[in-house]
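The values are calculated or read from the model by the stated rules, or taken from the named source; none is laboratory data. These figures come from a predicted structure and were not determined experimentally. For neighbour counting, all protein chains shown are included, and Cβ atoms are generated from backbone atoms with ideal geometry for every residue, glycine included.
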Amino acid sequence: MSVAAGGGGESGVDPKMTAGIGIIGGLIGVYLTPYHPVLGPLLASLGAVCAIIWGADAIARVASYGLGTGVPSIGYMSVAVGAIGVLAGLAGGVMLGNALFGPIMGVILSAILGGVIAIVGKKVIGMKIPVLVTGTMELTAASAISVLGFSAAIAGGIGMEAIATSVVTTGFIGLLFIMNTMAIQHPFNACLGPQENRVRTLKLAASTGFISMAVVGILGGLFTSKGAAITIIGAIAWFIAMRMFLKASKEEAASVAWSGMWPKEEEL
Amino acid sequence: MDPLLMIGAVTVAGVLIGGGVHFLPVGGAPAAIATATGVGTGTAMLAAGSAMTGLITAAAMTGEPLWLILAGGAVGSMLMIGITMMVGNWVYVWGVGTVPASAKVETDPITKYNQEKYVSPGTEGHGIPTVCFVSGIIGGLLGGIGGGLAYWAMYQSLIGIASYATPLKYAGVELVPAAMVAGIFALGLFFVNAVIASYNIGGTIEGFHDPKFKRIPKGALACLIASLVTGLIGVLLIQGGAF
């Protein structure tokens, strides 16, 4: 079903680099949240955008082999795993008596659950994708950080109490669930094919990440300084990223001038 | 609720969801251009629609006995998948102009109508014939029961914790944190198992008459293992509490 089957092609982006951006940028953003009422949530949402870029690269590496189920399915699965892992990890932080353990535990739990699913997929179902286990683990960890970052930005804190009351109980978690899935899976789903250029895909990932960030700012309260800062910076960054993506697409597109437009029916 | 019982319920729920997906007429991209039988979209989208409807109807039964919650989930999921298939069929019949027919069987196992004559050459069938529709409804039933069971198990576990049971007021509406956490947990479990089952069927399936349906034991085993681990991680939610 997937048009991208074949997989493992050369990528213009080093996987270690995107993983580094996602893990380090994401976790720093999340952990700095409680220290400043405006800059903290802003950094958390920027961290989530870093994680989305990492996730988009990871999904491109896994799905380029052709999953047979389409790119969105693995995106939905990984964000589902991420949401479960984050909630369990944050609750685990409460159990251990220190809220600072919560986020990192959530990411680790998500990666473990992602790894189990990938191993089951390989051993029981017999999927033949060489990077399935590492790719799924990266993808679930990236989804977890993106859910964490946006949740922390809305809640203004990283404790289970803050996130449970202002993100989960209000139902925003359901919106984050779908929005993060779209932000992570859409770039590769839109750019896949034999001429896929990973740099261009990641430019689109930055634009989907930043537009999600703008929406998160609205959820956090558009008329508060925190929400306004996130929305405005997210919207400006989205505009820049989208421009970069459009420019890259135009540069790489085959010009219709080669053969002209297709003839009208009566001319055939 | 005992954590072991919760893990057990979540595992059974996962197997029901994974099994249910094998019954859905998932047509994928070929069906979207009416060259294969089934609804023209992927498993994740069909699961998203029916799972969310099932969870809303199951959650509406919160506080009622278990069988009523399960029935609520099942009815919601069956309705949603039924509506999806029916409206899809309208598009295939009156929009695309094809006859609902399957190339996988010679006669429809339920109506005994001949299929071969109506399959357009070069395609694997089109639309949602009776057998696929019935199979899809069975899939919705199993998936809805599974989703309802996972929701019930998590809700019953969380409602015992004071911080999750205390309603919070938002814009004049009282919301119970336990219901929301249980809802998102059940939704996550639904997606995980739907995608694992979808990997097992290789993306597309027509229903219980499809030769691929024989892979269901493998899919059920895979869902069992994944749901067991999800249940184990869910124990942290119960043990940790919120505050």
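If the condition is being under 18 Å from A:G66 (Cα atoms) and among the aliphatic types (A, V, I, L, M), then region A:121-148 contributes A:I125, A:M127, A:I129, A:V131, A:L132, A:V133, A:M137, A:L139.
Among the residues of region B:172-225, those that are touching a residue at least 60 places away in the same chain (Cβ under 8 Å) and of a type in the set (S, T, Y) comprise B:S198, B:T204. Checking each residue of region B:188-198 against the condition of being polar (S, T, N, Q) and crowded, with 20+ Cβ neighbours inside 10 Å gives at least one match. Between A:L90, A:L42, A:L46, the distinction of being out of contact with any strand residue (DSSP E or B) (no Cβ under 7 Å at 6 or more places or on another chain), assigned to a helix (DSSP H, G or I) and farther than 22 Å from A:L204 by Cα belongs to A:L90 only. How many residues does region A:49-79 hold that are small (G, A, S), buried (at least 24 other Cβ atoms within 10 Å of the Cβ), within 12 Å of chain B (Cβ to nearest Cβ) and not in a helix (DSSP H, G or I)? Matching residues across region A:49-79 total 1.
Every residue, every condition in (1) touching a Pro at 6+ places or on another chain (Cβ under 7 Å); (2) under 25 Å from A:A88 (Cβ atoms); (3) within 14 Å of chain A (Cβ to nearest Cβ); (4) surrounded by 15 or more Cβ atoms within 10 Å (Cβ to Cβ), yes or no:
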{"position": "B:A47", "(1), (2), (3), (4)": "no, yes, yes, yes"}
{"position": "B:M61", "(1), (2), (3), (4)": "no, no, no, yes"}
{"position": "B:G72", "(1), (2), (3), (4)": "no, no, no, yes"}
{"position": "B:W90", "(1), (2), (3), (4)": "no, no, no, no"}
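How do the helices (runs of 4 or more DSSP H) wholly within region B:134-243 filter down when requiring 1 or more residues that are within 7 Å of chain A (Cβ to nearest Cβ) and under 21 Å from B:G63 (Cα atoms): which remain? Where helices (runs of 4 or more DSSP H) fall fully within region B:134-243 and carry at least 1 residues being within 7 Å of chain A (Cβ to nearest Cβ) and under 21 Å from B:G63 (Cα atoms), they are B:177-200, B:216-240.
Matching residues to (1) more than 8 Å from every other protein chain (Cβ to nearest Cβ); (2) touching a residue at least 60 places away in the same chain (Cβ under 8 Å); (3) of a type in the set (D, E, K, R):
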{"residue": "A:V81", "(1), (2), (3)": "no, yes, no"}
{"residue": "A:L90", "(1), (2), (3)": "no, yes, no"}
{"residue": "A:A99", "(1), (2), (3)": "yes, yes, no"}
{"residue": "A:P103", "(1), (2), (3)": "yes, yes, no"}
{"residue": "A:S110", "(1), (2), (3)": "yes, no, no"}
{"residue": "A:K122", "(1), (2), (3)": "yes, no, yes"}
{"residue": "A:I129", "(1), (2), (3)": "yes, yes, no"}
{"residue": "A:M137", "(1), (2), (3)": "yes, no, no"}
{"residue": "A:S146", "(1), (2), (3)": "yes, yes, no"}
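In summary, A:F210 fulfils each of the numbered conditions (1) within 14 Å of another protein chain (Cβ to nearest Cβ); (2) part of a helix (DSSP H, G or I) with the single exception of condition (1). I need the full set of residues from region A:123-133 which are closer than 21 Å to A:G85 by Cβ and surrounded by fewer than 18 Cβ atoms within 10 Å (Cβ to Cβ), in order please. A:V131, the sole residue that qualifies. Given (1) of a type in the set (V, I, T); (2) surrounded by 14 or more Cβ atoms within 10 Å (Cβ to Cβ); (3) modelled with pLDDT of 90 or more, where does A:I236 come up short, assuming only one miss? Single failed check for A:I236: (2). In region A:148-177, the residues that are more than 10 Å from chain B (Cβ to nearest Cβ) and among the polar types (S, T, N, Q) form Cβ pairs under 9 Å with partners that are assigned to a loop (DSSP other than H, G, I, E, B) and crowded, with 24+ Cβ neighbours inside 10 Å, at six or more places apart or across chains, as follows: A:S151/A:I158. You will find that of A:A190, A:A205, the residue that is out of contact with any strand residue (DSSP E or B) (no Cβ under 7 Å at 6 or more places or on another chain), away from every other protein chain (no Cβ under 14 Å) and crowded, with 21+ Cβ neighbours inside 10 Å is A:A205 and no other. Among the residues of region B:92-112, the one identified as surrounded by fewer than 15 Cβ atoms within 10 Å (Cβ to Cβ) and of a type in the set (F, W, Y) is B:W94.
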